[in-house]
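One structure is given here, and the rest of the page talks about it.
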Amino acid sequence: QGGVLPGATVTARQLETDVSVAVVTDGSGRFRFPYLRIGAYELMVQLPGFREAHRRIALTVGAAFEIPFVLD
């Protein structure tokens, strides 16, 4: 219903290497991956009681994104 979801696990998997790193959303529902390598990634968000959400992104030098997810 448009609310934020603190405590969700967000996983970034680099598609080329299959290496994953995970973080947890903060009290505002935000997350940050400060040191990812350049390349294509799949992001996955999970929170018990909700269906997981996926999205693909491509990181370039100096890239910063605001990526909203909607969990059903």
Task: Filter result (more than 10 Å from the chain's Cα centre (by Cα) and small (Gly, Ala, Ser)) within the stretch 13-64 - done: SER20, GLY27, SER28, GLY29, GLY39, ALA40, GLY49, ALA58, GLY62, ALA63, ALA64
Open item on the list: Of everything in the stretch 6-27, what is under 14 Å from ILE57 (Cβ atoms), in contact with a Gly (Cβ under 6 Å, 6 or more places away or on another chain) and surrounded by 13 or more Cβ atoms within 10 Å (Cβ to Cβ)? Give them in sequence order.
Closed with: GLN14
Open item on the list: Could you check the stretch 1-35 and list, in sequence order, the residues that are within 22 Å of LEU71 (Cβ to Cβ), aliphatic (A, V, I, L, M) and in contact (Cβ under 8 Å) with a residue 24 or more places away in the chain?
Closed with: VAL4, LEU5, ALA8, VAL10, ALA12
Task: Of all residues in the stretch 28-72 being assigned to a strand (DSSP E or B), open to solvent by less than 40 Å² (accessible area, probe 1.4 Å) and of a type in the set (A, V, I, L, M), the one that is farthest from THR9 (Cα to Cα) - done: LEU59
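The values are calculated or read from the model by the stated rules, or taken from the named source; none is laboratory data. Quantities reported herein were computed from a predicted structural model and do not represent experimental measurements. Ideal geometry is used to build each Cβ from the backbone, glycine not excepted, and the neighbour counts take in all protein chains shown. Side chains included, ligands, DNA and RNA excluded: accessible areas come from the protein's heavy atoms. Shrake-Rupley method; radii C 1.70, N 1.55, O 1.52, S 1.80 Å.
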